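Read the structure below first, then the notes.
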Amino acid sequence: MSTIFKRIIDGEIEADIVYEDDLCLAFRDVNPQAPVHILVIPKKEIRSIADLTLEDQSLAGHLLLVVSKIAVELELDSGYRVVANTGVDGGQSVDHLHLHLMGGRQHEWPPG
Ligand code: AMP
């Protein structure tokens, strides 16, 4: 069964897309936790960071560079937080690798 993110990649579900290339897609989170809350996902179906393999090395780097590029475009000049919830203890709710890019407010540490 497809995840909701796979259905967004396939165009079956609408999303507020802010960036797309051959390898990845970025769209606004439907339940934003910050004034700017973007999800960056690979088009390849990978469950989580824990499922990355050596074959995904350049893709994983690409996702980080896309986060950085979007942050510049959205003028998050004073900083932002990047999160990859992984597995049950990480609080992951969608089983398709995604990076949360959150900005526009001061974040606290430690997170909950
Ligand atoms: P996580 O809990 O780290 O797996 O994050 C999943 C994120 O996906 C949550 O922040 C949700 O708000 C977000 N989300 C779920 N469905 C959608 C959707 N259809 N469009 C955009 N964001 C979504």
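The values are calculated or read from the model by the stated rules, or taken from the named source; none is laboratory data. Not measured: the values here are computed from a predicted model. Note that each Cβ is placed from the backbone with ideal geometry, even for glycine, and that neighbours are counted across all protein chains shown. Ligands, DNA and RNA are stripped out before the accessible areas are found, and what is left, the full protein with its side chains, is counted by its heavy atoms. Shrake-Rupley method; radii C 1.70, N 1.55, O 1.52, S 1.80 Å.
Brief remarks on what is shown
- Residue among I13, I38, I8 that is open to solvent by less than 70 Å² (accessible area, probe 1.4 Å), under 22 Å from G87 (Cα atoms) and outside any strand (DSSP E or B): I8
- For the range 16-31, filtered to residues that are closer than 15 Å to V82 by Cβ and not aliphatic (A, V, I, L, M), the residue that is least open to solvent (accessible area, probe 1.4 Å) is C24.
- Of all residue pairs spaced 6 or more apart or on separate chains, those with beta-carbon atoms under 8 Å, a first member in the range 88-112 that is within 22 Å of T3 (Cα to Cα) and open to solvent by less than 50 Å² (accessible area, probe 1.4 Å) and a second member that is in a loop (DSSP other than H, G, I, E, B) and among the β-branched types (V, I, T) are Q92/T86; V94/T3; H96/T3; H96/I46; L97/I46.
- Number of the exception - V88 against (1) among the β-branched types (V, I, T); (2) in contact with a strand residue (DSSP E or B) (Cβ under 9 Å, 6 or more places away or on another chain); (3) under 27 Å from E108 (Cα atoms): (2)
- For the residues V72, V82, the requirement of being closer than 15 Å to D29 by Cβ and either out of contact with any Leu (no Cβ under 6 Å at 6 or more places or on another chain) or open to solvent by 30 Å² or more (accessible area, probe 1.4 Å) (or both) singles out V82.
- Look at (1) out of contact with any Gly (no Cβ under 7 Å at 6 or more places or on another chain); (2) more than 28 Å from Q106 (Cβ to Cβ) and you find that A50 fails only one, number (1).
- Cβ-Cβ contacts under 8 Å between residues 6 or more apart (or on different chains), taken from a first residue in the range 19-43 that is touching a residue at least 40 places away in the same chain (Cβ under 8 Å) to a second residue that is of a type in the set (D, E) and assigned to a strand (DSSP E or B), are listed as A26/E20.
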